[in-house]
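S.K.: Okay, here's the structure, questions in a sec.
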């Protein structure tokens, strides 16, 4: 996601899946409803996501 300049904007436990149907478990990120493709120099200056999972440094911005 980072190499594609995609910001998920709602990362929380409910949006992370662990697939264990093979020898090597795989982590998958789901629910890209709030995601945005950003310019390489862009900064996100608004609050997005679920309030309980927003980082303190974002809330104090």
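S.K.: Report which label in (i) 1.94; (ii) 1.25; (iii) 1.31 holds the value of Cα Rg over 2.2 N^0.38 Å derived from the coordinates of this structure.
M.R.: (iii)
S.K.: Determine the calculated [θ] at 222 nm for the chain from helices alone, applying -39500 (n - 2.57) to every DSSP H run no shorter than 4 residues and normalising by the residue count; nearest 500 deg cm²/dmol.
M.R.: -1000 deg cm²/dmol
S.K.: I would also like to ask the following. Over region 2-59, what is the mean sequence separation of C-alpha contacts under 8 Å (at least six apart), divided by residue count, expressed as relative contact order in percent?
M.R.: 38
Where a number appears in this text, it was derived from the coordinates with a stated rule and is not lab data. Just so it is clear, the structure is predicted and the values come from calculations on it, not from any experiment.
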